[in-house]
Amino acid sequence: MNQTIDTNKQSNWAATYDVIVIGFGAAGATAARFAADNGAKVLLTDAAPEGHEGGNTRYAGQVVLTGYDFDKMKHYFKQLFGPIKIDEKMLDTYVHGLTTIPDHFKRYLEIKNPVSYNKVHRDPDFEAFANGLSPEYPEFEGSETVDLTTVHDGYFDASLWKTLRGQVTKRENQIDVWLASPAKHLIQNPETGVVEGVQIQRHDQLVDIKANNGVVMALGGFENNNDDIQNFIGVPKLKVIGTLYNKGDGLKMAQEVGAKLWHMKSFEGFGFNTGFTFENTAEARGKFILSPWPDLSNGSIFVAADDGSRYVREDENGRHGHAFEHGSWKNPTVYSHPHLIFDREQYRQIKSRGKLPYDDFFKITVKANTIEELARKIKANPKTLVQTVERFNVFSENGEDLTLNRSGDTMRAFGDGPYYATPLATAMLNTQGGAKRNEQAQVLDAFDQPIPHLYSAGEFGGINANQYNGGGNLAECLIFGKIAGENAATVKHDIEVTPESTSTTVDLGGNDLSSDQALSNYSVGKDQYLGVSDAGIGGRVIVRVTYRDDQLKNVEVLEESESEDVGQKAMTELPKEMVTQNTYDVDAVSGASSSSRALKSAVRNAIQKATQPAKNSAD
């Protein structure tokens, strides 16, 4: 049932804004910023708690797809879509936006010298990653115009996300940010169809917030809703390697107001080979495996489906989780419990490498003396797994894989036991499906007509479907986020405009990211100083430093929201090193350079406060 309200009763509204943006990732941040720049008072709300906002943008590679020739880029994209129909106006708008990405970085993100991936020295640690994206389909006509634009010459460091977030926080007088405040319903006038506001869960209360001019849906996809995964994509499960807060809430809200859905089956993966990660019940998010790991596709090792048969070429150079299949690139079949199967020699080969890209590899690996025993342990068919190993051995000896065409020189016949199996899961970066939009970023109903005052941007109803080129989703966030924000801010005359409510019956709590509140919750004692930095991947880092007689006595991390894996390691290890060496300028934790820089910046900020009085007295 649609959420209807009596517009004659202003008391129904707990607050009023010109524009409400749902979702604080790249699309939502962009929409909110451009709505504010066009004179709107904006509410930007997100389900994630503070430090976990950012959606999939926070976890993405930070590369934005770029093209320099409109006609070539459009032709390239038509080949990516293949038989999937796409509206010409939508495609034209998107491709035009791709050709203006460097200018967008300069004009709107204050990046003086945005980096063209094709024109700079490539970081060898990420060369394999970026080489596969620029372009991702080099065989397609027009691919020579494809490039990637970045904030700087680096990847997976949240640099773009932090830039976009900064554009929001610097407009705190025009943009209120609510975190841990999920939108629950769109409020639609039952007579006119106009979306007049949003019902939001704020501080354990459901409050109706009015939007005078527009609502922008930028909620991302439904990666964390397995019912939707099974219903729309038609697979048993997928392991999320992005945000944990994209739960498909936007689908319910969009359907509630009659929106049309599109691209529901499309999703992207990434990681080793064709989009695998490791199945580990101890992890909510799957490990994003980017580093080259040739031992998983070179030697006496293969990937087995639920029954023990091979189904994917192990040495495939996957394209965002897609594998080549009879003339085009498709998502491989998703199974419930695939495994890596390997022998004793392969075990020794992997073990000899020392530090592995996945620390828990051997902890989750199952061991058995025979193939039949191994099959029973992983709930595969013993006869099938034995046959698979026998065929694999024949292919290895003949130097030709007649099943999947894996390169013969990567195959070594299985030897004697013991044998091993490591559980895998198909990794998911993001879904593409959601409410259909047009070139004006308006959400469309079942008859392809705009739903009044309702807009969308980003991966919630993304344009990309079928084959996908990396960086395309972030580009779409910028392109349609700008369009959505500007159009939502346009003053409408089809509803009664009311001023911002000053209702005192509900505690709405103001702006969760207000700079005035950053340090107010923490106290200091003798020789203690607070330091703050906004440079973390999770946003703000606050520390309390004890500094006496030019000595750094203690560093306490009071607030941070860095990544659960390596980012947390930096927060734990670096304070000890700083005290031991009596300086904030210590070596960064490997793989956590952004988190390390943020912590060092916060400690430096605190030390500056500690030493400032001495400098003043000396003067």
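The values are calculated or read from the model by the stated rules, or taken from the named source; none is laboratory data. Just so it is clear, the structure is predicted and the values come from calculations on it, not from any experiment. Cβ coordinates were reconstructed from backbone atoms using ideal geometry, including for glycine residues, and neighbour counts include every protein chain displayed. In case anyone asks, the SASA skips ligands and DNA or RNA and just uses the protein heavy atoms, side chains included. Shrake-Rupley method; radii C 1.70, N 1.55, O 1.52, S 1.80 Å.
Would a scan of segment 157-165 turn up a residue that is open to solvent by 10 Å² or more (accessible area, probe 1.4 Å), aliphatic (A, V, I, L, M), at pLDDT below 95 and more than 20 Å from I479 (Cβ to Cβ)?
Looking for residues that are open to solvent by 10 Å² or more (accessible area, probe 1.4 Å), aliphatic (A, V, I, L, M), at pLDDT below 95 and more than 20 Å from I479 (Cβ to Cβ), one finds none in segment 157-165, hence no.
Looking only at segment 311-360, count how many residues are in a strand (DSSP E or B) and either of a type in the set (G, A, S) or in contact with a Ser or Thr (Cβ under 9 Å, 6 or more places away or on another chain) (or both).
First, the residues of segment 311-360 that are in a strand (DSSP E or B): 319, 322-325, 328-330, 339-343.
Next, only the ones that are either of a type in the set (G, A, S) or in contact with a Ser or Thr (Cβ under 9 Å, 6 or more places away or on another chain) (or both) stay: 319, 322-323, 328, 339-343.
Here the count works out to 9.
Could you tell me how many of the residues in segment 50-85 are assigned to a loop (DSSP other than H, G, I, E, B) and closer than 13 Å to G472 by Cβ?
Here is the first cut: in segment 50-85, the ones assigned to a loop (DSSP other than H, G, I, E, B) are 50-54, 60-63, 68-69, 82-85.
Remaining after also requiring closer than 13 Å to G472 by Cβ: 60-61, 63.
Count: 3.
Might you let me know whether segment 608-618 holds any residue that is among the hydroxyl-bearing types (S, T, Y), at pLDDT below 85 and open to solvent by 20 Å² or more (accessible area, probe 1.4 Å)?
Checked against the condition, which is being among the hydroxyl-bearing types (S, T, Y), at pLDDT below 85 and open to solvent by 20 Å² or more (accessible area, probe 1.4 Å), segment 608-618 yields at least one hit.
For segment 194-220, which residues satisfy the criterion of being touching a residue at least 12 places away in the same chain (Cβ under 8 Å), on the phi > 0 side of the Ramachandran plot and open to solvent by 20 Å² or more (accessible area, probe 1.4 Å)?
Selection gives H203 alone.
In this structure, does R33 turn out to be crowded, with 20+ Cβ neighbours inside 10 Å, in contact (Cβ under 8 Å) with a residue 24 or more places away in the chain, touching a His at 6+ places or on another chain (Cβ under 9 Å) and at negative phi?
no
Any residue that is crowded, with 20+ Cβ neighbours inside 10 Å, among the aliphatic types (A, V, I, L, M) and under 18 Å from R171 (Cα atoms) - is there at least one of those in segment 51-60?
no
Out of the residues in segment 202-246 that are more than 23 Å from A457 (Cα to Cα) and among the β-branched types (V, I, T), state the one that is nearest to the chain's Cα centre (by Cα).
Here the residue is V235.
Which members of segment 354-383 meet the condition of being touching a Gly at 6+ places or on another chain (Cβ under 9 Å) and over 16 Å from Y420 (Cα atoms)?
Of everything in segment 354-383, just one residue is touching a Gly at 6+ places or on another chain (Cβ under 9 Å) and over 16 Å from Y420 (Cα atoms), namely K383.
For a quick check of your reading of the model, give me the residue pairs whose first member lies in segment 324-338 and is without any contact (Cβ under 8 Å) to a residue 24 or more places away in the chain and under 23 Å from P83 (Cα atoms), whose second is basic (K, R) and surrounded by fewer than 21 Cβ atoms within 10 Å (Cβ to Cβ), with beta-carbon atoms closer than 9 Å and at least 6 apart or on different chains.
F324/K330
Could we say that K526 is buried (at least 21 other Cβ atoms within 10 Å of the Cβ), modelled with pLDDT of 85 or more and of a type in the set (K, R) here?
In short, no.
State whether the residues of segment 306-321 include one that is under 13 Å from A427 (Cβ atoms) and open to solvent by 30 Å² or more (accessible area, probe 1.4 Å).
no
Please go through segment 171-193 and pick out each residue that is within 23 Å of the chain's Cα centre (by Cα) and open to solvent by 30 Å² or more (accessible area, probe 1.4 Å).
A180, K184
Given (1) surrounded by fewer than 20 Cβ atoms within 10 Å (Cβ to Cβ); (2) at pLDDT below 95; (3) under 29 Å from I175 (Cβ atoms), identify the lone condition not met by D416.
(3)
Being in a loop (DSSP other than H, G, I, E, B) and free of Cβ contacts under 8 Å to residues at least 12 places away in the same chain narrows it down to one residue among E400, E439, E459; which is it?
Answer to the selection: E400.
Does segment 384-394 hold any residues that are open to solvent by less than 20 Å² (accessible area, probe 1.4 Å) and out of contact with any Gly (no Cβ under 7 Å at 6 or more places or on another chain), and which are they?
In the first step, residues of segment 384-394 are kept if they are open to solvent by less than 20 Å² (accessible area, probe 1.4 Å); the result is 385, 388-389, 392.
Within segment 384-394, V389, F392 meet the criteria.
Out of the residues in segment 264-281 that are surrounded by fewer than 22 Cβ atoms within 10 Å (Cβ to Cβ) and either of a type in the set (F, W, Y) or touching a residue at least 12 places away in the same chain (Cβ under 8 Å) (or both), state the one that is farthest from G417 (Cα to Cα). Steps first, please.
Step one: list which residues in segment 264-281 are surrounded by fewer than 22 Cβ atoms within 10 Å (Cβ to Cβ), which gives 264-266, 273, 279-281.
Keeping just the survivors that are either of a type in the set (F, W, Y) or touching a residue at least 12 places away in the same chain (Cβ under 8 Å) (or both) gives 264-266, 273, 279-280.
Values: M264: 45, K265: 41, S266: 41, N273: 26, E279: 24, N280: 25 Å.
It comes out as M264.
Can you find a residue in segment 207-216 that is over 27 Å from F447 (Cα atoms), out of contact with any strand residue (DSSP E or B) (no Cβ under 7 Å at 6 or more places or on another chain) and of a type in the set (A, V, I, L, M, F, W, C)?
Step one: filter segment 207-216 for residues over 27 Å from F447 (Cα atoms), giving 207-209.
Narrowing the set further to residues that are out of contact with any strand residue (DSSP E or B) (no Cβ under 7 Å at 6 or more places or on another chain) leaves none.
Among the residues of segment 207-216, not one is over 27 Å from F447 (Cα atoms), out of contact with any strand residue (DSSP E or B) (no Cβ under 7 Å at 6 or more places or on another chain) and of a type in the set (A, V, I, L, M, F, W, C), which makes the answer no.
Give the residues of segment 437-469 that are surrounded by fewer than 24 Cβ atoms within 10 Å (Cβ to Cβ), charged (D, E, K, R) and in contact with a helix residue (DSSP H, G or I) (Cβ under 7 Å, 6 or more places away or on another chain), sorted by residue number.
Correct list: E439 only.
From the list A27, A47, pick out the single residue that is in a loop (DSSP other than H, G, I, E, B), modelled with pLDDT of 95 or more and either touching a Ser or Thr at 6+ places or on another chain (Cβ under 9 Å) or among the aromatic types (F, W, Y) (or both).
A47
Go through segment 271-285 and count every residue that is in a loop (DSSP other than H, G, I, E, B), over 17 Å from V235 (Cα atoms) and of a type outside the set (S, T, N, Q).
Going through segment 271-285 one residue at a time, the tally reaches 5.
Among the residues in segment 500-523, are any farther than 22 Å from A32 by Cβ, in contact with a helix residue (DSSP H, G or I) (Cβ under 8 Å, 6 or more places away or on another chain), open to solvent by 10 Å² or more (accessible area, probe 1.4 Å) and at pLDDT below 85?
yes
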